[in-house]
Structure formats: structure tokens, C-alpha cells
Amino acid sequence: LINLNLEASLVLSNTTINKYISRVTSLFEFGIKYGYIKTNPAVDLRLKKNKKASEERDAFDNQELNAIFSMPIYTDKLQTTLKNNPEKIWIPLFGLYQGMRLNEICQLYKEDIIQSENIWCIDINEQQDKKLKNMSSRRIVPIHPKLLEFGFIDYLNSLPKNNTRIWQNLTYVQ
């Protein structure tokens, strides 16, 4: 009935896999309720949580971060990349300095960058077509000083007035 892609399961956390199992369990419960099946084969089917959610993914160590940020697009080809594909530079830097989820970074609009008491901030919200992981994901966070030092506000001001998304080369997919 379900084709579990082994490679995909290696990158999914036990929590995520358990969410999928829960949905299958609910489907079987529907079948029982309406008389399509007699028993739920997915009852009590769960993967054990080995770690807390915050411990499930390993953070990059300094050696790995240095390897990533010493790649040619950050060194030799920096100016060309910033001109043609700025999201290839800015999105990883946002992940590094802001600690935001990838989806939160990629769906940013120019209007999400605000000033509050002379502090540049990011308004992470569900306005327009944006989605958040959960309700507690809605927040306003200051922009890290390093991103400001690297020229993020200048980049923002250089964007065409008619385009409202920050990362113009990304395509929105539902």
C-alpha cells in the first residue's frame, strides 16, 4: 500500500515519519468507521524518538561551515554571483546568521524587512501566500549585524520597485 523510499527515510526525522504514520492510521480509522475494514493494521505503529526534536539534526561544525563559505561562489565569483543569483549568497548567510527555516527565508517579501526603533528586523508572518510551520513561528527578529555589514539593506534597496519578493530568481511553488 505504501512505498517507503528508503533514501528519503534516511533524511526524515522520526518525528516526521511518525506524522506520516499517524495520517495512515487515521485513514484506516476512517475505513473502520464506515465499514470498509475491520481492524487497523497501523495501530500503535510508531518509531521511537531517540532524541529531543532540537537534537535530531546535527549542526554544521566550524570545519564544515568553512568548507561551505570558502567555495568559489563566496570568494572568486562573489561579485558575479551577487549580480546574477544573489539568493545563492544571501539565503545560506541568512540560515547561518538568522537561524531561520529555509522556507521562511525563501518566501520573504521586501515588506517583511522593517525598522523598529531604528533596528532592522524581519517580520516572519503568514501574510500573502506565505506559510509557517506553526503558529509560534510568527515572530519579529532583528537582522544580524553581520548581514547588515555585508550590505543586505543595500541589496534590498537595489531591487526593482515593481518586484515585491526579495529573491527574484526563486519561483513560488505550492
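Computed from the coordinates by the stated procedures, all read-outs in this text should not be read as laboratory data. All figures in this text were calculated on a predicted structure; none of them were measured in a lab. Don't worry about glycine lacking a Cβ; one is built from the backbone with ideal geometry, like all the others, and counts go over all protein chains shown.
Working from Cα positions, state the angle (0 to 90°, nearest 10) between the long axis of helix 87-98 and the longest principal axis of the chain. Approximately 80 degrees, to the nearest ten. Close amide H partners of Arg165, meaning residues 5 or more places away or on another chain with modelled amide H under 5 Å apart, are Lys110. The long axis of helix 14-33 is offset from the longest Cα principal axis of the chain by roughly 40 degrees. With 0.36 nm allotted per residue and the present C-alpha distance subtracted, the Thr16-Lys77 stretch has 18.2 nm of extension available. With 26 Å as the limit on Cα-Cα distance, the pairs of Lys19/Lys146; Lys49/Lys133; Lys48/Lys133; Lys88/Lys110; Lys77/Lys146 that go past it are Lys19/Lys146. The calculated 222 nm mean residue ellipticity attributable to helices in the chain amounts to -11000 deg cm²/dmol, summing -39500 (n - 2.57) over DSSP H runs of n ≥ 4 and dividing by all residues. Within the range 121-142, what residues put their amide N at less than 15 Å from the label point 7 Å along the Cα-to-Cβ vector of Ile113? Output list for this probe position: 121-124, 141-142.
The computed percent of Cα pairs over 22 Å apart for the structure shown corresponds, within (1) 45; (2) 60; (3) 52, to (2).
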